[in-house]
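A.B. asks: Got a structure for you, questions after.
None of the figures in this text is laboratory data; all of them are computed from the coordinates on show. Remember, it's a predicted structure, so these values are computed and weren't measured experimentally. A quick note on method: Cβ atoms are made from the backbone with ideal geometry, for glycine too, and the neighbour counts reach across all protein chains shown.
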Amino acid sequence: MIRLGRIAYLNMAPVFFGLDIDVEQVEGVPTELNRALLAGRVDVAPISSVAWARNAERLLVLPRLCVSSDGAAGSVQLVTRLPLERVGSIAVTPESATSVVLARVLVPDAEHVPLGEPADATLLIGDAALRSAYDDPTPHHDLGRLWRDRTGLPMVFALWACSDPPPPGTAELEDVLVTSISRAREEPERLARDCAQRYGYPAGFLARYFERLRYDFGPREREGLQAFLDLATEAGELDAVPELRFAGAAVPA
């Protein structure tokens, strides 16, 4: 049985909406899944784009899946009362690798400190960012939107990866995940209603959130990933930009 990593955030709801396969689900925040995949505690997982890039020689990428946004993501937020050009320090979440590097790229002069320490701004991701954007009137700057404003491209926050060689059943698992996402897109009201009952948000709020998220790893997403990794390298966060190596299937057109 494949051990499948699942990010413990609402953004995974469409991926697992109609999942019809017998797997062992292992939940964790992105940085936990990064470590679990590299340690062999899970077989396939969505991991931070930066974590993949730093370990690309050990990992293969599922060719049709990612976690991205083409504009505002909704759940990657920089919270501050200051104009961004005056932010000198950011308290960063320990749960994300990609978003921390993205903040470095977008606000390059700001010092990063651990979450909870005094800072001009706070970087939140996942459900904490979503809750903050819903409840807190403090200005929120969506990093997906800031990235799109700067580059005109989608921001790829995570890639689905596995070990090299891929575990048996990886291609079939990818087919099932793609089908599950398609089902969620076909029944957006049911997805939003089910999640509203579980998480306590209005269904309309969640429907708008899920509409922002993208899971197809197409040409524009690959272009956005390339741009992000180029800038991360310039910022000293990567030694070099690795080439994508895909698990089994050919690179999608």
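A.B. asks: Using just the helices of the chain, give the 222 nm mean residue ellipticity in deg cm²/dmol: DSSP H runs with n ≥ 4 each add -39,500 (n - 2.57), and the total is spread over all residues, rounded to 500.
C.D. replies: Details: 9 runs with 99 residues, N = 253.
So the calculated ellipticity at 222 nm is -12000 deg cm²/dmol.
A.B. asks: From the square roots a ≥ b ≥ c of the eigenvalues of the alpha-carbon gyration tensor of the stretch 61-129, which class results: rounded (a/c under 1.5), prolate (a/b over b/c), or oblate?
C.D. replies: Values: a/c = 2.00, a/b = 1.85, b/c = 1.09.
It comes out prolate by the Cα gyration axes.
A.B. asks: Also, I was wondering about something else. List the trypsin sites (Lys or Arg not before Pro) within the stretch 65-156 that fall in a DSSP loop (any state other than H, G, I, E or B) and whose Cβ has at most 16 other Cβ atoms within 10 Å. Please list the in-between numbers first.
C.D. replies: Details: sites: Arg81, Arg86, Arg104, Arg131, Arg145, Arg148, Arg150; in loops: Arg81.
Answer by residue number: Arg81.
A.B. asks: Determine the equivalent ellipsoid of the stretch 65-175 by diagonalising the alpha-carbon gyration tensor, then write out the semi-axes as square roots of 5 times the eigenvalues, largest first, rounded to whole Å.
C.D. replies: 29, 15, 14
A.B. asks: Could you work out the percent of alpha carbon pairs in the stretch 117-178 separated by over 15 Å, rounded to a whole number?
C.D. replies: Working: 1311 of 1891 pairs.
Tail of the P(r) past 15 Å holds 69 percent of the pairs.
A.B. asks: Of all the C-alpha pairs in the stretch 5-73, what % are more than 18 Å from each other? Please list the in-between numbers first.
C.D. replies: Details: 920 of 2346 pairs.
The answer is 39 percent, as a whole percent.
A.B. asks: Find, among the GluC sites (Glu not before Pro) in the stretch 10-64, those assigned to loop by DSSP (not H, G, I, E, B) with at most 10 other beta-carbon atoms within 10 angstrom. Don't skip to the end; give the middle numbers.
C.D. replies: Values: sites: Glu24, Glu27, Glu32, Glu57; in loops: Glu57.
Hits after loop and neighbour filter: Glu57.
A.B. asks: Here's a follow-up. Roughly how large, in nm² to one decimal, is the mean projection of the convex hull of the alpha-carbon atoms in the stretch 24-115? Before the final figure, lay out each step's value.
C.D. replies: Working: hull surface 29.3 nm².
Averaging across all directions leaves 7.3 nm² for the Cα convex hull.
A.B. asks: Roughly speaking, what is the centre-to-centre gap between the stretch 178-253 and the stretch 96-155 when only Cα atoms are used, to the nearest Å?
C.D. replies: Cα centres, the stretch 178-253 to the stretch 96-155: 17 Å.
A.B. asks: Multiply the residue gap between Tyr199 and Thr179 by 0.36 nm, knock off their C-alpha separation, and tell me the result in nm, one decimal place.
C.D. replies: Values: separation 20, 0.36 × 20 = 7.20 nm, distance 2.41 nm.
Contour length minus Cα-Cα distance gives 4.8 nm.
A.B. asks: Pick from Thr122, Thr151, Thr98: which is most flexible by mean-square fluctuation in a GNM of the chain where alpha carbon atoms under 10 Å apart are linked?
C.D. replies: Maximum among the listed residues: Thr151.
A.B. asks: Starting from the Kirkwood radius over alpha-carbon pairs of the chain, derive D by Stokes-Einstein at 10 °C in a medium of 1.306 mPa s and give it in µm² s⁻¹. Intermediate values should be presented prior to the final figure.
C.D. replies: Details: Rh = 18.4 Å.
Reported coefficient: 86 µm²/s.
A.B. asks: Another question, then. Taking only Cα atoms and a 10 Å spring cutoff, compute GNM fluctuations for the chain and point out the largest among Ala97, Ala235, Ala53.
C.D. replies: Ala235
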